[in-house]
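The structure under discussion appears below in the form of structure tokens.
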Amino acid sequence: MLPAEEKLMTPGIRPLIAGNWKMNGSWRGSRRLADAVRDAAPGLPCDLLVCPPFLHIQPVAATLLGSRVAVGGQDCHHKPHGAHTGDIGAVMLRDAGATHVILGHSERRADHGESNELVARKCEAALAAGLIPLICVGETLAEREAGRATAVVEAQLDGSLPLGFVTSGGIVAYEPVWAIGTGRTPTEEDIAAMHHAMRQALVMAFGPTARTTRLLYGGSVKPSNAEAILALPEVDGALLGGASLVAEDFLAIARAMEAG
Ligand code: PEP
């Protein structure tokens, strides 16, 4: 683990622990999970975000109203409204109580063929609706083994982030595809190197304001490895999948932010 002084060199960023609940849970179960997170939030050293399935956003937002826990969607359409069966518009998310939206998650990129260009258009729609976008990027195992991880992530950043992303508080999550839900993580050195490369790419593209863009790490973060990962330079929090479905794990990882 890197010494605490190095961590202090990332100035002006309040860390964020975000949970992507994916297609899990019942209406009642989501409220219970939200209750537990809300009750623990005041003592935590970071901001919190939970992203329930669309149907659960409204009850979860009602539970979290007035708390320090924000609510986000897991995707939105690139158009504001219209004939798009089964889709959800960014304004609808906002209307239901969401303030954030995850875009370009690798499961959407893989399952729904989402390109960088489409992610950028969705991001524009989110910004127009007043939502804060949380954009996911990350390489596959084949790309890492071919030595292309940094190039892939830089190309994703270049193609997925529209103008206005940084000034609107947009968030980036580095999620190696091969680390999601597998129990495998990159080495601490690889995570730190990728976050450094992402910071440089963002500053080159958006200017010095991007020094305060939150860069999250995601992929098999759990209570046992959170402290080491969250202590790395340029790691401003985490995006959690599996661990966000268990209140004790989500909260233990948020507490690790303090130790980190
Ligand atoms: C994710 O899907 O964004 C994720 C980080 O999942 P997990 O934590 O389960 O690896």
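Is it true that residue 227 is at pLDDT 95 or above and among the charged types (D, E, K, R)? Judged against the criteria, residue 227 is a match.
Quick check on the stretch 148-163. Is at least one of its residues within 22 Å of residue 242 (Cα to Cα) and either among the aromatic types (Phe, Trp, Tyr) or modelled with pLDDT of 95 or more (or both)? No: the stretch 148-163 contains no residue that is within 22 Å of residue 242 (Cα to Cα) and either among the aromatic types (Phe, Trp, Tyr) or modelled with pLDDT of 95 or more (or both). Which of the residues that make up the stretch 104-118 are more than 12 Å from the ligand (Cβ to nearest atom) and in contact (Cβ under 8 Å) with a residue 24 or more places away in the chain? Hits for the stretch 104-118 are 115, 116, 117, 118.
The single condition from (1) within 29 Å of residue 33 (Cβ to Cβ); (2) surrounded by 15 or more Cβ atoms within 10 Å (Cβ to Cβ) that residue 181 fails is (2). Evaluating residue 51 against the criteria (1) on the phi < 0 side of the Ramachandran plot; (2) surrounded by fewer than 22 Cβ atoms within 10 Å (Cβ to Cβ); (3) touching a residue at least 12 places away in the same chain (Cβ under 8 Å) leaves one unmet condition, (2). Among the residues of the stretch 82-102, write down those that are touching a helix residue (DSSP H, G or I) at 6+ places or on another chain (Cβ under 7 Å) and not in a helix (DSSP H, G or I). Matches in the stretch 82-102: 88, 97, 98, 101.
The values are calculated or read from the model by the stated rules, or taken from the named source; none is laboratory data. These figures come from a predicted structure and were not determined experimentally. Neighbour counts run over all protein chains shown; Cβ positions are idealised from the backbone, glycine included.
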